[in-house]
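*Asks:* Below you'll find the structure I mean.
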Amino acid sequence: MLDVNKIKKQKRMQRHRRVRAKIKGTAQRPRLNVFRSNKHIFLQLIDDEKRKTLVSTGDIMPKTGKKSRTRTAKTKSAFGAGKILAELAKKKKITSVIFDRGGYAYHGRIKAAAEGAREGGLKF
């Protein structure tokens, strides 16, 4: 019997590799990478030339204020994580990024994180 979760993960990794072949982050315009687990979301700004993470955050950071467990709680916390990432990026004088959705569909939490980063002042 086929393991459906294993196939889903392989398909996502194929999409991620395809997207990453076209995207490269620099110090002036780093790559905003998104990782989504079942419960949480994590965001990073990565300089691919130096292979360094410049800024990282997630929805489990204490600053996001994730308290409620309603149906939209994960989406709201992803939006908050995007805003916090934008604030941390401003402190490092980063204003423009390249968005890497990580093989996920641009929908739900991924979209909310991107919109939060945009509202925080980052330009894609």
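*Asks:* Starting from the Cα gyration tensor of region 4-119, multiply each eigenvalue by 5, take the square root, and state the resulting semi-axes largest first in whole Å.
*Replies:* Three semi-axes, in Å: 21, 21, 10.
*Asks:* Quick one: if you stick a label point 7 Å off each Cα along the C-beta vector at GLN28 and LYS93, how many nm between them?
*Replies:* Distance between the two pseudo-spin positions: 1.3 nm.
*Asks:* Highest GNM mean-square fluctuation, the chain, Cα pairs closer than 10 Å: which of SER37, SER77, SER96?
*Replies:* In the Gaussian network model the winner is SER37.
*Asks:* Can you return the lysines within cross-link range of LYS39? Criterion is Cα-Cα under 23 Å, with same-chain partners fewer than 8 residues away left out.
*Replies:* Reachable lysines: LYS6, LYS8, LYS9, LYS11, LYS63, LYS66, LYS67, LYS74, LYS76, LYS83, LYS111.
*Asks:* Still on this structure, I have one more. Does region 71-124 classify as rounded, prolate or oblate by the C-alpha gyration tensor (a ≥ b ≥ c root eigenvalues; a/c under 1.5 gives rounded; else a/b over b/c gives prolate, otherwise oblate)?
*Replies:* oblate
*Asks:* Using 0.36 nm per residue of separation minus the Cα-Cα distance, give me the extension gain between TYR106 and LYS8 in nm, one decimal.
*Replies:* Using 0.36 nm per residue and subtracting the Cα-Cα distance, I get 33.6 nm.
*Asks:* Under 8 Å for C-alpha pairs, at least 6 residues apart: give me the relative contact order for region 4-119, rounded to a whole percent.
*Replies:* Relative CO of region 4-119 lands at 31 percent.
Laboratory data are not the source of any read-out in this text; all were calculated from the coordinates shown. This one's a predicted model, so the numbers in the text were calculated from it and none came from an experiment. Note that each Cβ is placed from the backbone with ideal geometry, even for glycine, and that neighbours are counted across all protein chains shown.
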